[in-house]
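All remarks here apply to the structure that follows.
The values are calculated or read from the model by the stated rules, or taken from the named source; none is laboratory data. Owing to the predicted nature of the structure, the values given are computational and were not obtained by experimental measurement. Every residue, glycine among them, receives a Cβ derived from its backbone with ideal geometry; neighbour counts consider all protein chains shown.
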Amino acid sequence: MEKMKILHIITRLDRGGSAQNTILTVRGLGRMPGAGCQIPDAGSRMADTGYRIPDARYQIPDAGGRIGKYEMTLVTGSVEDVDVTGINLVIIPELSRGLNPIKDILCLIKLYNLIKTEKPDIVHTHSSKAGFLGRVATKLASSAIWHLASGHRHPAIIYTPHGHIFYGYFNLVITQIFILLERFTAKFTDKIICLTDGEMKDLLKFGISKDRGKFLTIHSGIDLERFKGVKIAREKKRRELGISENSVVIISHTRLVPIKGHKYIIEAAERVAGCQMPGTGCQMADIRFIFVGGGGLKSKLEIEVEKLGLKGKILFLGERDDIPELLTASDIFVTAPLNEGMGRAIVEAMACGLPVVATSVCGIPDVVKDGVTGILVSSGDIDGLANAMLTLIKDPSLREKMGEEGRKRAELFGVEGMV
């Protein structure tokens, strides 16, 4: 029985959302039974009669009527503190995030040789850098495969951006270059998978492709079981952190990098803390903020926290393995990115029954129902963030109501639906 070969390409495997999404996809498809998955002749590349893996994840062109299981290979530049047990890995060290012409050319050559040798049925690229190099290498290699291997078809090229970089990241000139590169590679991409409808709308707005049929929305899947029925007691986790049971705990879980907007949360936290000052008529319970995640901004943010007199009010915990327990020990989840494809951490928070305060950018409104599972504010709106947090701090019943609605909504983002 001949296997269907699927090659995934991503820059790095770390704790970030795109890497976790890719790992879950590879593992999930690897467990799917192949028997009965027939791939009929399509007659033309990506024709409507082509086989679709369940829920139209991939649309496969002519494959000669083969039936078989999936052979999954994951190509990456590095593996950073994540479990890749049981995954068939190919490491290409030159595949890295930064711009390095020599490394990038070497990476392109290695990808080209790998694809030409392996002759995959599908090449699924993830994120912008690996997405560009992987798709160009596949296009070049597929031409060689077509001419050298009689009867072998072109691989289907799939691309998941995992959020775009068209605002909030770079200046206008660099951004425009990236948009032009995305438009170029989209011409020979068969499917572009968006995490949310909001992300898809942005890609269409920026003219990445005029072919609406190229785009498909598949939510980033979360292992929801990990966040259900957390065993450790809320009180115990708070004691470990030195936080009183009577405190209102606001947690943010994301990388400490500029695009994630921590500076806005810190400035909003100062205004929230100001409402606890005597004479304001707005005395409340003790409020603590928890920042979970690593990144290069930690030192700078800690200096800002101290300057604003918030030392002891905001805790930086770094990378953690006990995210479900930390969420369960918290009362409100806050995130203020300038750009976000979907926000896996938001879904995790909702799965733990937390109301969400977030900025209304890109795909977040597709995840958080404003006024139902949380409160959305404009990007960079410090007063809006502060007021939204204060609304939830003052109203425990509203927190509980939104948390329960969020728990229900999180079920829409399970890993089974993604795979």
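Below is a table of values for the structure above.
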| item | result |
| --- | --- |
| Test: LEU24 is surrounded by 19 or more Cβ atoms within 10 Å (Cβ to Cβ), closer than 17 Å to ILE158 by Cα and at pLDDT 80 or above | no |
| Matching entry among ARG57, ARG97, ARG15 (being buried (at least 18 other Cβ atoms within 10 Å of the Cβ), of a type in the set (D, E, K, R) and either modelled with pLDDT under 80 or not assigned by TED's automatic domain parsing to the domain that holds GLY341 (or both)) | ARG57 |
| Looking only at the range 299-324, and only at residues there that are within 21 Å of the chain's Cα centre (by Cα) and not aliphatic (A, V, I, L, M), the one that is nearest to LEU390 (Cα to Cα) | PRO324 |
| Residues located in the range 377-396, provided they are under 24 Å from the mean Cα position of the chain (by Cα) and either part of a helix (DSSP H, G or I) or over 22 Å from VAL367 (Cα atoms) (or both) | LEU385 |
| Output for the range 312-333, where each listed residue is part of a helix (DSSP H, G or I), β-branched (Val, Ile, Thr) and touching a strand residue (DSSP E or B) at 6+ places or on another chain (Cβ under 9 Å) | ILE323 |
| Lone qualifier among PHE413, PHE333 - being under 18 Å from SER247 (Cβ atoms), within 18 Å of the chain's Cα centre (by Cα) and of a type in the set (A, V, I, L, M, F, W, C) | PHE333 |
| Residue check, PRO120 out of contact with any Leu (no Cβ under 6 Å at 6 or more places or on another chain) and either within 23 Å of LEU181 (Cα to Cα) or at pLDDT below 95 (or both) | no |
| Residue that is nearest to LEU412 (Cα to Cα) [pool: residues in the range 156-201 that are at pLDDT 90 or above and among the aromatic types (Phe, Trp, Tyr)] | TYR159 |
| Listing of strands (runs of 3 or more DSSP E) fully contained in the range 181-273 that carry 1 or more residues being out of contact with any His (no Cβ under 9 Å at 6 or more places or on another chain) and more than 26 Å from GLN20 (Cβ to Cβ) | 248-253 |
